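Read through the structure below, which is laid out as structure tokens, and then see the notes.
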Amino acid sequence: MQGVVEKVYEQVVARNRGEAEFHQAVREVLESLEPVIAKHPHYADNALLERIVEPERQIIFRVPWVDDAGAVHVNRGFRVEFNSALGPYKGGLRFHPSVNVGIIKFLGFEQIFKNALTAQGIGGGKGGSDFDPHGRSDAEVMRFCQSFMTELSRHIGPSTDVPAGDIGVGGREVGYMFGQYKRLRNSYDAGVLTGKGLAWGGSLVRTEATGYGTVLFAQSMLATKGETLEGKKVAVSGSGNVAIYAIEKAQQLGATPITFSDSSGYVVDEAGVDLDLLKQIKEVERGRVKDYVERRPGARLVAEGRPWDVPVDVALPCATQNELDGDAAATLVRNGCTVVSEGANMPSTPEAVEAFQAAGVLYAPGKASNAGGVATSALEMEQNAGRTRWDFKTADAKLTGIMADIHDSCVAAAEEYGRPGDYVLGANAAGFTRVADVMIAHGIV
Ligand code: NDP
């Protein structure tokens, strides 16, 4: 990095000490922007870069709740309202013990550019808590969600800030939070949260959207080489919302996913994942990946290692940040993997990204390839505002169109700045210029 971009990065590190994931996300974006700033120096005027790396607002709050045995727990809640140039803050809530302000800031920062790529008029934000839902009863999760929303409700609204799910936050948690919001406000503002149930304002395809979109993006990248997913072997990590629907769409397009994982290990099923069984275990029983192996002859659980050790054509990291490092990337490349589409946010380390790009792998960063989730959330907001609901085919066709547009915007921006096929540069440049142009139009605010 050099010049103004380097100066801004150094300021971010100095001002946000110890927030390693936030530094990593900012560095990746700023590095990509060097050719953009060189071609359009006005983007560095009026401290635009300094403003875009500083959240508009950061809220940190106490979340007290009572467990089933009557013991009181205190968690920490976060909402980072990062950038509202393009619309209300939009981004999910993560409940995981690793959550801290640096992780929420990295996610919120990525969200600005991701949401800009969807071209749907949504700003960037993210939130969550260090609460761990694993092993908690329904009643405990409900009490936690109610306490969390009691504070969060002061800060959100359909035209202000619209949270959704992420790791540890699915339909059940969104339901408990919406119920509490409605009670506190005495107002049925369906558009205040997305990822809602279908009976109370949710959109068809929202559940599937992130995983489906990740695979559609892989298919678009392959199409640039005249190829398809048909007949390809796929490694997937994670076994949550994104992983399950990435597996489903990959199967629909003729590929064979053979792995998935959770924090206890990964499963290899060479015959191809039995998706009905996986859904039954994860969505109905809230079980673990080891339960799959117990019921599926031929599948094995590997407790040590990573799904990236298995030879495949396509890798879809769908669990969490920095789950795929330089060594794993080298292994994938050595084993013949030619496509990586990220379902998770920032799952590949900088060393892994470098290894993929050096080897000519078709590599899509999450802010482009997993944007289908937030895009369909924006479609949910649109349906809520119009008090209507589209059928599956309509919502699915819109998602497919949006993913194709995001792919094409990335390709065009990469070409414009002289690095054809570089989806990292393409996504960052296309997302950044959309936000920056509007920030300039709005003046210094
Ligand atoms: P879920 O909570 O549904 O599933 C998360 C999965 O990842 C689980 O299998 C979980 O295993 C695993 N996992 C999470 N943290 C770790 C960890 N530290 N080490 C190993 N495994 C881990 O979350 P989602 O599927 O919704 O989210 C997955 C990723 O996709 C995240 O990066 C998220 O930010 C991103 N994303 C999600 C979107 C959405 O619409 N849901 C939209 C865009 C991006 P375990 O149960 O053992 O923890």
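Taking into account only those residues within the stretch 342-352 that are within 16 Å of the ligand (Cβ to nearest atom) and either outside any loop (DSSP other than H, G, I, E, B) or not charged (D, E, K, R) (or both), which is surrounded by the fewest Cβ atoms within 10 Å (Cβ to Cβ)?
Taking the candidates together, the pick is T349.
Quick one: count up the residues across the stretch 353-372 that are surrounded by fewer than 24 Cβ atoms within 10 Å (Cβ to Cβ) and part of a strand (DSSP E or B).
Qualifying residue count for the region: 1.
Got at least one residue in the stretch 34-56 being modelled with pLDDT of 95 or more, crowded, with 20+ Cβ neighbours inside 10 Å and over 30 Å from E6 (Cβ atoms)?
no
Report yes if Y212 is in a helix (DSSP H, G or I) and within 16 Å of the ligand (Cβ to nearest atom), otherwise no.
Yes, satisfied.
Any residue that is at pLDDT 95 or above and away from the ligand (no atom under 15 Å from the Cβ) - is there at least one of those in the stretch 363-370?
Looking through the stretch 363-370, at least one residue is at pLDDT 95 or above and away from the ligand (no atom under 15 Å from the Cβ).
One line per residue, one yes/no per condition, for (1) of a type outside the set (G, A, S); (2) within 25 Å of H23 (Cβ to Cβ); (3) without any contact (Cβ under 8 Å) to a residue 12 or more places away in the chain:
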position: V66; (1), (2), (3): yes, no, no
position: E81; (1), (2), (3): yes, yes, no
position: A85; (1), (2), (3): no, yes, no
position: Y89; (1), (2), (3): yes, yes, no
position: L93; (1), (2), (3): yes, yes, no
position: S98; (1), (2), (3): no, yes, no
position: I103; (1), (2), (3): yes, yes, no
position: F106; (1), (2), (3): yes, yes, no
position: I112; (1), (2), (3): yes, yes, no
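Is there any pair with a first residue in the stretch 176-189 that is farther than 11 Å from Q146 by Cα and touching a residue at least 24 places away in the same chain (Cβ under 8 Å) and a second that is β-branched (V, I, T) and part of a helix (DSSP H, G or I) whose Cβ atoms are under 9 Å apart and which are 6 or more apart or on different chains, and what are they?
Within 9 Å, the pairs are R185/V192.
Could you tell me how many of the residues in the stretch 11-27 are in a helix (DSSP H, G or I) and crowded, with 20+ Cβ neighbours inside 10 Å?
So the count comes out to 5.
Return the residue satisfying two criteria in turn: it lies in the stretch 182-197 and is among the hydrophobic types (A, V, I, L, M, F, W, C) and away from the ligand (no atom under 16 Å from the Cβ), and of such residues it is nearest to Y89 (Cα to Cα).
Checked the stretch 182-197; the qualifying residue nearest to Y89 (Cα to Cα) is V192.
Take L184 and decide whether it is assigned to a helix (DSSP H, G or I), surrounded by fewer than 24 Cβ atoms within 10 Å (Cβ to Cβ), at pLDDT 95 or above and not β-branched (V, I, T).
Criteria met by L184.
Could you go through the stretch 25-39 and let me know if any residue there is among the β-branched types (V, I, T) and within 22 Å of N100 (Cβ to Cβ).
yes
E54 passes all but one of (1) touching a residue at least 40 places away in the same chain (Cβ under 8 Å); (2) farther than 30 Å from D408 by Cβ; which number fails?
(1)
Against the conditions (1) surrounded by 15 or more Cβ atoms within 10 Å (Cβ to Cβ); (2) farther than 22 Å from E248 by Cβ, where does A303 fall short? Just the number, please.
All conditions pass for A303, except number (1).
I'd like to check something: does the stretch 317-326 contain any residue that is more than 20 Å from the chain's Cα centre (by Cα) and closer than 23 Å to M221 by Cα?
Yes, that holds for at least one residue.
For the stretch 219-231, enumerate the residues that are in a helix (DSSP H, G or I), free of Cβ contacts under 8 Å to residues at least 60 places away in the same chain and among the small types (G, A, S).
Scanning the stretch 219-231 gives a single hit, A223.
Within the stretch 385-407, how many residues are farther than 17 Å from L253 by Cα, surrounded by 13 or more Cβ atoms within 10 Å (Cβ to Cβ) and either in contact with a Cys (Cβ under 6 Å, 6 or more places away or on another chain) or among the acidic types (D, E) (or both)?
So the count comes out to 1.
Just to be sure I understand, how many residues within the stretch 221-249 are of a type in the set (S, T, N, Q) and more than 17 Å from V267 (Cα to Cα)?
Number of matching residues: 2.
The values are calculated or read from the model by the stated rules, or taken from the named source; none is laboratory data. Worth saying up front: this structure is predicted, and the values here are computed from it rather than measured. Note that we place each Cβ from the backbone using ideal geometry, even for glycine, and neighbour counts take in every protein chain shown.
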